[in-house]
1. Along the positive direction of the dipole of the range 32-139 (beta-carbon charges: Lys, Arg +1; Asp, Glu -1; about the Cα centre), which of ALA43, LEU121, GLN100 reaches farthest?
2. How long is the gain from HIS120 to ALA102 if the chain were fully straight, where each residue apart is worth 0.36 nm and the alpha carbon distance is subtracted?
3. For the chain, what is the relative contact order in percent, using Cα pairs closer than 8 Å and at least 6 residues apart in sequence?
4. Per-residue ellipticity at 222 nm for the chain, helices alone: DSSP H runs ≥ 4 residues times -39500 (n - 2.57), over residue total, nearest 500 deg cm²/dmol?
5. Quick one: with all protein chains in place, what share of the accessible area of the chain is carbon or sulfur, to the nearest percent (1.4 Å probe)?
6. So, taking all protein chains as they sit and a 1.4 Å probe, how much accessible area belongs to ASP31, in Å² rounded to tens?
7. Which percent, to the nearest 5, of DSSP beta bridges fully inside the chain are antiparallel?
8. Let me know the charge dipole size of the chain about its Cα centre in debye, to the nearest 20, where only the beta-carbon of Lys, Arg (+1) and Asp, Glu (-1) is charged.
Amino acid sequence: MIAAVVGLLAAAVPAVAHPRGIPDRFMLQPDDLGGAVPGPVEAGLAWPLLPQPCADRPIPRPVVSRAQAADYNTRFRVYQNVARFRGDGAQRYLTELKSQLAECGVGGGDDGFDPIAEDHLGPDTVLFQGNYDQGDRWVAYVAAAVGRHVVVIMVSDSYLGAGDPTVANGLAQAAMARLR
């Protein structure tokens, strides 16, 4: 009998040790998205939702993350990723992201990432863009650390190929409020 109880407890430990997922309440909702209903991110998305601008430098990795996408009005496609880190990993990710943007930014004339503003929505936030087509087009990003979580908002523009930083900032503020 004791062996059976010990066996059951040992079998239960890995289930408890697995990280829980990111709850729905941490994700942007239709009210945040002008009525748009978020869904899965399309396969083959070219842009990372947890960016690492310097490919040869490691960044802190999350325990778990969740992503979604939505059409925001008729022009923009919005992506959200929420990642949970251990300890101070969220702040360490943001610090490393800022450092990598400064070191590996492409200056707007090539494909890659470019910093725009740091701590613009409060501490541990950064606004940047992802350039493509030799820098002629871009997506807008905002990344923020809130407690043990990092939220990344990416906005692409289906008409001009110029993601709107104002839309990204507004949605990032809504996403940060959901994490508080």
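The values are calculated or read from the model by the stated rules, or taken from the named source; none is laboratory data. Remember, predicted model here, so these are calculated numbers, not experimental data. Please note: Cβ atoms are built from the backbone with ideal geometry, for glycine as well, and neighbour counts cover all protein chains shown. Keep in mind that these areas ignore ligands, DNA and RNA; they rest on the heavy atoms of the full protein, side chains included. Shrake-Rupley method; radii C 1.70, N 1.55, O 1.52, S 1.80 Å.
1. ALA43
2. On the way: separation 18, 0.36 × 18 = 6.48 nm, distance 1.57 nm.
Length gained between HIS120 and ALA102: 4.9 nm.
3. Relative contact order for the chain comes out at 19 percent.
4. Numbers: 3 runs with 47 residues, N = 180.
About -8500 deg cm²/dmol.
5. On the way: 5060 of 9150 Å².
Here carbon and sulfur together make up 55 percent of the probe-accessible area.
6. Accessible area of ASP31: about 150 Å².
7. Values: 40 of 42 bridges.
Bridges in the chain are about 95 percent antiparallel.
8. 920 debye
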